[in-house]
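The values are calculated or read from the model by the stated rules, or taken from the named source; none is laboratory data. Since we're looking at a predicted model, the values are computed, not measured. Methodologically, a virtual Cβ is constructed for each residue, glycine included, from the backbone with ideal geometry; neighbour enumeration extends over all protein chains shown.
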Amino acid sequence: MLRTLAAVRWPRSARPSTDTPQAHAASFDALIPHLHYLSKADLKRVRDAFRFADNAHLGQMRASGEPYITHPLAVTAICAEWRLDAQALMAALMHDAMEDCGVTKAELIERFEAPTAELVDGLTKLDKLQFSTKEESQAESFRKMLLAMARDVRVILIKLADRLHNMRTMESMAAPKQRRIARETLEIYAPIAHRLGLNQTYRELQDLSFRYEHPWRHALLDKAVTKARGHRRDLVKRIEQDVKQAFAQASLGVEVHGREKTLYSIYRKMRDKHLSFAQVSDIFGFRIVVDSLPQCYLALGVLHQLYKPQPGRFKDYIAIPKPNGYQSLHTTLVSPLGTAVEFQIRTESQHQVAEQGVAAHWLYKSRGKTDAQQLGSRLLQSLLDIQNETRDAREFLEHVRIDLFPDSVYVFTPRSRILALPKGATPVDFAYAIHSDIGDRCVAAQVNGEMVPLRTELRSGDVVEIVTAPSARPNPAWLGFVRTGRARSKIRHHLKTLAHDESRELGLKLLAQALRAEGQTLPPLEGEAAALWQALARWAGHRNADELLIEIGVGRKIASMMAKQLSRMLVEAGQRPDAVLLSMGRFGAEDTPQQGLVLLDGSEGASVRYAGCCHPIPGDDIRGYLGRGEGLLVHTVECQTGRRLFQRDSEHWIAVAWAEELSQSFEAEVGVLMNNVKGALAQVAAGVSQAEADITHVEMNKDSDVARETAEMRMLVAVRDRHHLADVLRLLKRVNPVMRVWRVRP
């Protein structure tokens, strides 16, 4: 019986062992048998790369005590199994030269030309740069590697070979480091291998990670599987004989291979479905390899005639391939002893793609059978899309982790186009998968002809249609349920852009106000004054005026300081302060600005927030606190929290006032003391509605219960201004159960 865990191993002729001298293991001779597909010229180039790497790593040893060069040789041997080209093999030999040996990219370009140097550079971590945390450094390294992969898939193939050999040789490391590397492999590298179709590598990385992250569980499960293998040997042998006999009678030439579930997949099934080992029925299975595509379906018919299929357990991945290009027929049959046995049916070329994925491109490109380079192209394009929307390394890594979620659902567009999405994906994910503009303008969705909420989880076979509106834009609440990295990054990018636009407008208002206090008017951002703005931005340490205005809007730069510098620059350019404007912009006796207030009408968006401690509404006396990086926070003048903040940080307070025309309602907190009778809450809500206001939040006093005669309630009521709030309070006082009602103040 074949075990998938042992499918990819270092070839015996090249594997260091007790009976092979280390000198031989560290020599190029051990690699030559695996390079038979290269031309003489390419073989010479690979040998030159080995000499360069051997010299660079001279004197370096691995934790196991072996010469370090044995690791690049092992990585190259794995790449050679995938039949990668000479450039990739050279990069595999030198993949640690830049990081560990101080070799420069320019030196590699001069010696081995640019393509090879680019591959090595894509594999090199960013340890030379300074990061605030180890997590940030790791995230930036992943980001660099994955973007290099998006440009050239050979980068990730070499990296996967590197990680595979490291995982095979971690015995000498300390247990905490083993667990950290195993967790990282399970979260990032194994899913990448799966998305690129390298199933052999994917399974082995999972099992090795499981072994080091949970050594006791791995050992117990390995013992249980070994025991079960012995118990079921007769059953497996009987099924294999029955299957071979059935195909012989049908005159269908096939290869029958036994297949065993990996330990990690058994463990995950037990964990996710809360099963005991005895309840996991499909530990053993069979793979049927046929000559042609039609024979796959003939073989399926033969098997279904031999044993009864389990309803709902048939999957046709040939008609609808997985996103990584995997194609097979899957069916689960009931064996003679009543146990479930899974069969996978595929052609030889499909088998190669199933096991080696993207790497099958190099195996078959000379024969023209398949272009597996296209496999995983959606993932690569997704990486580039996420990169375009996300500049923060940790956020980028978060989106990539989401996108690497392996389980998929298959849904249809109204025109019968098939899309593969992660399990749990919603219509919003579907909309962004079609096009970012459709996602941005999405307002509703129809699934199988029926309107559904946008947070509805899609199922395989659903036909999804998106309803859009020209004025619609992404909702921040979508981030709570979208599953694809593409959708998440697009929504966040849009919200950040929106916030930047709002912060920019606020910054412009604040700077105009501060400049009036200097007796100057704000020059236009374009035209002749553009050079002046650029000079001011450079003085403040920014690339352009937009960046500077955003920084002023979010409170990271003080508008008065920028105004003083801009005023000096205007004076130097020949523009004198206006005496009338100067007098109007100065403070009066009560330290209240008389002119140039920042007017608030509720349309400012995320750049202006109204303090939750005092809930200011139009008609209240207010002032604004320009927090560091938090935008403008508005408090009432009598708010005690605001007063304490003013005493501690007075320079960040600015003058604000309400505009004459308002564009939205504002929340005020109202307290209600009422008799604890049936229907009291409904009567209070009816009273608020009668006053043409809305309740946005309700909170009952924790001491309120059925046994008490009275209950106290706090609620946020959306009103237009203080007059409207007075109407609400007056109407609530007339409600029968209400004993007292008041506006809550801090």
Which members of region 256-277 meet the condition of being touching a helix residue (DSSP H, G or I) at 6+ places or on another chain (Cβ under 9 Å), outside any helix (DSSP H, G or I) and within 30 Å of Q295 (Cα to Cα)? V256, G258, R259, E260, K261, T262
Condition first: in a helix (DSSP H, G or I), modelled with pLDDT under 80 and over 30 Å from V719 (Cβ atoms). Can you find one or more residues in region 601-610 that meet it? no
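Of the residues L186, L235, L208, which single one is closer than 22 Å to I78 by Cα, in a helix (DSSP H, G or I) and in contact with a Ser or Thr (Cβ under 7 Å, 6 or more places away or on another chain)? Full working, then the answer.
Details: L235 fails: closer than 22 Å to I78 by Cα; L208 fails: in contact with a Ser or Thr (Cβ under 7 Å, 6 or more places away or on another chain).
The conditions single out L186.
Looking only at region 609-661, count every residue that is at positive phi and crowded, with 19+ Cβ neighbours inside 10 Å and tell me the total. Let's see the steps before the verdict.
Residues of region 609-661 at positive phi: 615, 619, 629, 631.
Then drop every residue that is not crowded, with 19+ Cβ neighbours inside 10 Å, which leaves 615, 631.
Total meeting the criteria: 2.
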Candidates V256, V302, filtered to the one that is closer than 21 Å to Q350 by Cβ and modelled with pLDDT under 90: V256
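Has region 618-627 got any residue that is of a type in the set (D, E) and at pLDDT below 90?
Initial filter on region 618-627 (of a type in the set (D, E)): 620-621.
Then drop every residue that is not at pLDDT below 90, which leaves none.
Looking for residues that are of a type in the set (D, E) and at pLDDT below 90, one finds none in region 618-627, hence no.
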With the structure loaded, tell me whether V225 is within 30 Å of Y410 (Cβ to Cβ) and either in contact (Cβ under 8 Å) with a residue 24 or more places away in the chain or in a strand (DSSP E or B) (or both) or whether it fails that test. no
E699: surrounded by fewer than 17 Cβ atoms within 10 Å (Cβ to Cβ) and either in a strand (DSSP E or B) or on the phi < 0 side of the Ramachandran plot (or both), yes or no? yes
Among all residue pairs at least 6 apart or on different chains, which show Cβ distances below 6 Å where the first residue, located in region 645-664, is within 17 Å of R609 (Cβ to Cβ) and the second is in a loop (DSSP other than H, G, I, E, B) and hydroxyl-bearing (S, T, Y)? S663/S603
Quickly run through region 665-678 and pick out the residues that are in contact (Cβ under 8 Å) with a residue 24 or more places away in the chain and farther than 16 Å from E712 by Cβ. S665, F666, E667, A668
Restricting the search to region 716-746, which residues are among the small types (G, A, S) and either in a strand (DSSP E or B) or not assigned by TED's automatic domain parsing to the domain that holds V684 (or both)? A718
Do we have any residue at all in region 278-286 that's touching a helix residue (DSSP H, G or I) at 6+ places or on another chain (Cβ under 8 Å), over 14 Å from T339 (Cβ atoms) and surrounded by 12 or more Cβ atoms within 10 Å (Cβ to Cβ)? no
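Could you tell me whether M713 is in a strand (DSSP E or B), touching an Asp or Glu at 6+ places or on another chain (Cβ under 9 Å), farther than 23 Å from G619 by Cβ and outside the structural domain of V634 (by TED's automatic domain parsing)? Before you say what the answer is, go through the steps one by one.
Numbers: in a strand (DSSP E or B): yes; touching an Asp or Glu at 6+ places or on another chain (Cβ under 9 Å): yes; farther than 23 Å from G619 by Cβ: yes; outside the structural domain of V634 (by TED's automatic domain parsing): yes.
Considered against the rule, which asks whether it is in a strand (DSSP E or B), touching an Asp or Glu at 6+ places or on another chain (Cβ under 9 Å), farther than 23 Å from G619 by Cβ and outside the structural domain of V634 (by TED's automatic domain parsing), M713 comes out as yes.
I'd like to check which helices (runs of 4 or more DSSP H) are fully inside region 1-116 and have at least 1 residues that are hydrophobic (A, V, I, L, M, F, W, C), assigned by TED's automatic domain parsing to the domain that holds Q206 and at pLDDT 80 or above.
Details: elements: 22-25, 40-56, 70-81, 86-93, 97-101, 105-112.
Of the helices (runs of 4 or more DSSP H) lying wholly inside region 1-116, those with at least 1 residues that are hydrophobic (A, V, I, L, M, F, W, C), assigned by TED's automatic domain parsing to the domain that holds Q206 and at pLDDT 80 or above span 40-56, 70-81, 86-93, 97-101, 105-112.
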Within region 189-205, tally of residues that are under 20 Å from R271 (Cα atoms), of a type outside the set (D, E, K, R) and either at pLDDT below 90 or outside any helix (DSSP H, G or I) (or both): 3
